[in-house]
Amino acid sequence: ITALAWVAPRRVSMHKQLNFAGAALAAVAYVLSFAYTSTSGLDHLRDSHSHWGLAALLLAANQVEGGLLRPPAANTGEQSSSQRVRWRAVHGISGLLTLATGAVALWKGL
């Protein structure tokens, strides 16, 4: 319970930091894989692993963009705007799709 009390007020900040780190690592992985395929003479996007990986990278970039462009939260005691409610639903679904797509890319690469 003590750990949850520590996490709760930092939840959004931790969410942002972990997602930016994940997106940055995905971008680095893309650059490294692009460099490897370029220097080894392999075709780019040659198999389902690379297609799923590119989709995961694009979805991750979309998540970061969505996080940066999110509508402002309502003040305490006020109702959220319809834009904020819609953004939250799309951001949540898109986040789940990003995780699932990344998991499939990982599985296809094993």
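The values are calculated or read from the model by the stated rules, or taken from the named source; none is laboratory data. None of the values given here were measured: they were computed from a predicted structure. So basically every Cβ, Gly included, is an ideal-geometry build from the backbone, and we count neighbours across all protein chains shown. Side chains are part of the model used for accessible areas, which takes the heavy atoms of the whole protein and leaves out ligands, DNA and RNA. Shrake-Rupley method; radii C 1.70, N 1.55, O 1.52, S 1.80 Å.
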* Structure fact -> Note: ALA73 to ILE93 extended length (0.36 nm per residue) minus current alpha-carbon separation gives 5.3 nm
* **Furthest towards positive pole of dipole, ASN19, VAL64, ALA74, structure part the stretch 16-110, Cβ charges** => ALA74
* From phi via Karplus (6.51, -1.76, 1.60), per-residue ³J(HN,Hα) for the stretch 25-31 in Hz, x at Gly/Pro -> 5, 5, 5, 4, 4, 5, 4
* **Electrostatic dipole magnitude of the chain [Cβ: Lys, Arg +1; Asp, Glu -1; Cα centre; debye, to 20]** => 360 debye
* To do: Keeping the other protein chains in place, figure out the carbon and sulfur percent of the accessible area of the chain, with a 1.4 Å probe.
  => 67 percent
* Stick to the Cα atoms of the stretch 6-64, pair each with every other, and give me the Kirkwood hydrodynamic radius in Å at one decimal. => 13.0 Å
* Structure fact -> Residue-ordered couplings for the stretch 48-63, obtained by feeding phi - 60° into the Karplus form 6.51 cos²θ - 1.76 cosθ + 1.60 and rounding to whole Hz (Gly and Pro as x), are 5, 4, 5, 5, 5, x, 5, 4, 5, 5, 5, 5, 5, 5, 5, 5
* Asked: Considering only protein heavy atoms, what per residue accessible area in square angstrom results for the chain with a 1.4 angstrom probe?
  -> 76 Å²
* **Per-q log10 I(q)/I(0), the chain, q = 0.12, 0.15, 0.20, 0.24 Å⁻¹ (Debye; single scatterer per alpha-carbon; no solvent)** => -0.55, -0.77, -1.09, -1.32
